[in-house]
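**Student:** Mind having a look at this structure? Questions to follow.
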Amino acid sequence: MGFAIVFNVPRKALGLAAVTGAGGQLGKQLAALAGFPPEAATFAGAVAVGLLAETFERFLRFEVPLFSVPGFIPLVPGVPAYHAVVAFASNQYALGLEESTRALLLTAAIGAGLGTVRALGKIREHPLF
């Protein structure tokens with residue numbers, strides 16, 4: 001809910017923005033417990049955020065980013081990015097590249113998860129046939 005407050009989400013949508021973030025974390029944790037690699041678990045969390053954001057958008061008639069932005073921010077890979085910076089600063093370039101790649105893949109998984117849900121929602125709204 002903290003990120004929703006920072007981004008000035010309307011008061012009546014704050015609770016659902018918090019639910020979106022919690023749903024993303026739950027999706028990520030369940031996928032990790034099921035044995036998925038961190039990238040796939042992050043993708044699952046992002047899909048959960050996307051599904052919840054799309055659902056809440058349809059019921060409350062707010063824009064999707066109002067729910068998805070506060071929902072996916074906790075999924076952003078801050079720790080691998082921090083470790084990459086520390087490794088580069090310590091002249092450990094191989095480790096820095098490894099952590100940078102990990103952060104990039106986790107970030108790509110977030111984008112892919114949110115984009116997949118959004119694209120499938122658009123297909124449902126505007127079918128090809």
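The numbers here are math on the coordinates, done by the rules we state, and not lab data. Computed from a predicted structure; not experimentally measured. No Cβ is skipped: glycine too gets one built from the backbone with ideal geometry, and neighbour counts run over all protein chains shown.
**Student:** Consider just the alpha-carbon atoms of the range 1-45 and return their Rg together with their Dmax, both in angstrom.
**Tutor:** Taking only Cα atoms of the range 1-45, I get Rg and Dmax of 12.7, 38 Å.
**Student:** Let me ask you something else. How big is the convex hull of the Cα atoms of the range 1-111, per residue, in Å³?
**Tutor:** Normalising the Cα hull of the range 1-111 by residue number yields 91 Å³.
**Student:** For the peptides 81-87, 117-123, what is the packing order when you average, over each peptide's residues, the other Cβ atoms within 10 Å and list the highest mean first?
**Tutor:** Averaged packing, sorted descending, gives the order 81-87, 117-123.
**Student:** Here's something else I'd like to know. What nm distance separates the two modelled labels at A34 and R11, each placed 7 Å from Cα along Cα→Cβ?
**Tutor:** Label at A34, label at R11, 4.0 nm between them.
**Student:** Expressed as an acute angle from 0 to 90° and rounded to the nearest 10, what is the orientation of the C-alpha long axis of helix 93-125 relative to the principal long axis of the chain?
**Tutor:** Result, in degrees: 10.
**Student:** Once the Cα atoms of helix 14-33 and of the chain are each reduced to a long axis, what angle between those two axes, in degrees from 0 to 90 to the nearest 10, is obtained?
**Tutor:** The angle comes out at about 50 degrees.
**Student:** Output the peptides 7-20, 46-59, 89-102 sorted from most to least packed, where packing is the average of other Cβ atoms within 10 Å over each peptide's residues.
**Tutor:** 46-59, 7-20, 89-102
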